[in-house]
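Visitor: Let me give you the structure first, and then I'll get to my questions.
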Amino acid sequence: QVQLIESGGGLVQAGGSLRLSCAASGRTSRGTMGWFRQAPGKEREFVAAIWGSIGVTRYADTVKGRFTISRDNAKNTVYLQMSSLKPEDAAVYYCASRILAISTMFADYDYWGQGTQVTVSA
(Lines give C-alpha, C1' and ligand atoms only; values in the text may rest on other atoms or scores of the structure.)
Protein backbone atom coordinates (compact mmCIF):
# COMPACT_ATOMS: atom_id res chain seq x y z
CA GLN A 1 0.00 0.00 0.00
CA VAL A 2 1.26 3.47 -0.90
CA GLN A 3 0.02 6.73 0.54
CA LEU A 4 0.75 10.00 -1.23
CA ILE A 5 0.52 13.43 0.34
CA GLU A 6 0.88 16.54 -1.81
CA SER A 7 1.86 19.98 -0.61
CA GLY A 8 3.06 23.28 -1.99
CA GLY A 9 0.05 24.52 -3.86
CA GLY A 10 -1.19 28.06 -3.58
CA LEU A 11 -1.83 31.32 -5.32
CA VAL A 12 0.79 32.78 -7.63
CA GLN A 13 0.86 35.50 -10.24
CA ALA A 14 1.32 34.64 -13.88
CA GLY A 15 5.00 34.28 -14.61
CA GLY A 16 5.74 33.14 -11.09
CA SER A 17 6.92 29.82 -9.70
CA LEU A 18 5.77 27.15 -7.30
CA ARG A 19 7.22 23.87 -6.14
CA LEU A 20 4.91 20.99 -5.38
CA SER A 21 5.98 18.10 -3.22
CA CYS A 22 4.59 14.61 -2.91
CA ALA A 23 5.67 12.55 0.06
CA ALA A 24 5.12 8.85 -0.36
CA SER A 25 4.88 6.15 2.24
CA GLY A 26 5.85 2.79 0.92
CA ARG A 27 8.50 1.88 -1.60
CA THR A 28 8.20 3.90 -4.77
CA SER A 29 11.79 4.40 -5.86
CA ARG A 30 11.65 1.67 -8.50
CA GLY A 31 8.35 2.69 -9.98
CA THR A 32 6.85 5.73 -11.65
CA MET A 33 5.76 8.83 -9.84
CA GLY A 34 3.60 11.19 -11.82
CA TRP A 35 1.79 14.47 -11.64
CA PHE A 36 -1.61 15.05 -13.17
CA ARG A 37 -3.88 18.06 -13.01
CA GLN A 38 -7.55 18.71 -13.34
CA ALA A 39 -9.18 22.06 -13.95
CA PRO A 40 -12.90 22.64 -13.37
CA GLY A 41 -14.97 21.09 -16.14
CA LYS A 42 -11.97 19.39 -17.73
CA GLU A 43 -10.58 15.89 -17.69
CA ARG A 44 -7.60 14.96 -15.61
CA GLU A 45 -4.50 15.39 -17.71
CA PHE A 46 -0.95 14.18 -17.56
CA VAL A 47 1.68 16.74 -16.55
CA ALA A 48 4.94 14.93 -15.85
CA ALA A 49 6.35 11.65 -14.60
CA ILE A 50 9.61 10.18 -13.43
CA TRP A 51 10.55 6.51 -13.46
CA GLY A 52 13.09 4.34 -11.81
CA SER A 53 16.19 4.96 -9.77
CA ILE A 54 17.91 6.74 -12.66
CA GLY A 55 15.03 9.15 -13.08
CA VAL A 56 13.76 8.86 -16.61
CA THR A 57 11.33 11.72 -17.15
CA ARG A 58 8.50 12.62 -19.46
CA TYR A 59 6.50 15.84 -19.79
CA ALA A 60 3.32 17.01 -21.41
CA ASP A 61 4.02 19.35 -24.31
CA THR A 62 2.13 22.12 -22.54
CA VAL A 63 4.61 22.22 -19.66
CA LYS A 64 7.85 21.17 -21.33
CA GLY A 65 10.60 23.67 -20.65
CA ARG A 66 8.68 25.27 -17.78
CA PHE A 67 8.15 22.41 -15.33
CA THR A 68 10.73 20.05 -13.89
CA ILE A 69 10.00 16.80 -12.09
CA SER A 70 12.54 15.29 -9.73
CA ARG A 71 12.65 12.77 -6.95
CA ASP A 72 14.59 12.21 -3.77
CA ASN A 73 14.59 8.47 -3.22
CA ALA A 74 16.07 8.79 0.26
CA LYS A 75 13.12 10.93 1.30
CA ASN A 76 10.62 9.05 -0.88
CA THR A 77 9.50 12.40 -2.23
CA VAL A 78 8.85 13.66 -5.72
CA TYR A 79 8.84 17.33 -6.65
CA LEU A 80 7.33 19.39 -9.42
CA GLN A 81 9.08 22.70 -9.94
CA MET A 82 6.77 24.95 -11.92
CA SER A 83 8.06 28.13 -13.50
CA SER A 84 6.66 30.72 -15.89
CA LEU A 85 3.20 29.81 -14.70
CA LYS A 86 0.24 30.72 -16.85
CA PRO A 87 -3.43 31.12 -15.92
CA GLU A 88 -4.14 27.93 -17.86
CA ASP A 89 -1.89 26.01 -15.45
CA ALA A 90 -4.41 26.59 -12.68
CA ALA A 91 -5.87 23.29 -11.51
CA VAL A 92 -5.85 20.75 -8.75
CA TYR A 93 -2.56 18.89 -9.05
CA TYR A 94 -2.48 15.22 -8.13
CA CYS A 95 0.45 13.00 -7.39
CA ALA A 96 0.18 9.39 -8.50
CA SER A 97 2.30 6.28 -8.51
CA ARG A 98 2.53 3.00 -10.34
CA ILE A 99 4.92 0.07 -10.18
CA LEU A 100 5.63 -0.09 -13.90
CA ALA A 101 7.30 2.33 -16.31
CA ILE A 102 5.99 5.76 -17.30
CA SER A 103 2.46 6.09 -18.59
CA THR A 104 0.59 9.25 -19.48
CA MET A 105 -2.79 7.61 -18.82
CA PHE A 106 -4.28 8.32 -15.43
CA ALA A 107 -6.06 4.95 -15.45
CA ASP A 108 -2.67 3.23 -15.38
CA TYR A 109 -1.77 4.62 -11.97
CA ASP A 110 -2.44 2.63 -8.83
CA TYR A 111 -2.27 5.19 -6.06
CA TRP A 112 -3.32 8.82 -5.83
CA GLY A 113 -2.94 11.70 -3.45
CA GLN A 114 -5.75 14.03 -2.44
CA GLY A 115 -4.55 16.87 -4.63
CA THR A 116 -3.28 20.38 -4.05
CA GLN A 117 -4.78 23.51 -5.57
CA VAL A 118 -2.71 25.76 -7.79
CA THR A 119 -4.22 29.12 -8.68
CA VAL A 120 -2.57 31.46 -11.15
CA SER A 121 -3.73 35.04 -11.35
CA ALA A 122 -3.40 36.96 -14.59
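Visitor: Remind me, relative contact order of the chain in percent, using alpha carbon pairs under 8 angstrom and six or more residues apart?
Guide: 36 percent
Visitor: Another question about this same structure. Can you pull the percent of region 9-122's accessible area that's carbon plus sulfur, 1.4 Å probe, other chains left in place?
Guide: On the way: 2980 of 5900 Å².
That fraction is 50 percent.
Visitor: Can you tell me the order of 46-57, 65-76, 93-104 when each peptide is scored by its average per-residue count of other Cβ atoms within 10 angstrom, highest first?
Guide: Output ranking for 46-57, 65-76, 93-104: 93-104, 46-57, 65-76.
Visitor: Roughly speaking, what is the stretch gain from ILE99 to SER17, that is 0.36 nm per residue apart minus the C-alpha to C-alpha distance, in nm to one decimal?
Guide: Result: 26.5 nm gained on full extension.
Visitor: Another question about this same structure. Hey, with R₀ at 22 Å, roughly what FRET efficiency would GLU45 and ILE5 work out to, going by the Cβ-Cβ distance, to 0.05? Let's see the in-between values first.
Guide: Details: r = 21 Å, r/R0 = 0.97.
With R0 = 22 Å, the Cβ-Cβ based efficiency is 0.55.
Visitor: Right, here's the next one. To the nearest 0.05, how large is the calculated FRET efficiency for ASP61 and SER25 if R₀ is 35 Å and r is the Cβ-Cβ distance?
Guide: 0.65
Visitor: Would you mind getting the accessible area per residue of the chain, heavy atoms of the protein chains only, 1.4 Å probe, in Å²? Can you show the working numbers first?
Guide: Working: 6460 Å² over 122 residues.
Counting only protein heavy atoms, the per-residue value for the chain is 53 Å².
The values are calculated or read from the model by the stated rules, or taken from the named source; none is laboratory data. Everything numeric here is computed off the predicted structure, so don't read it as measured data. Virtual Cβ from ideal backbone geometry, glycine too; neighbours counted across all protein chains shown. To get the accessible areas, we keep the full protein, side chains included, count just its heavy atoms, and leave off ligands, DNA and RNA. Shrake-Rupley method; radii C 1.70, N 1.55, O 1.52, S 1.80 Å.
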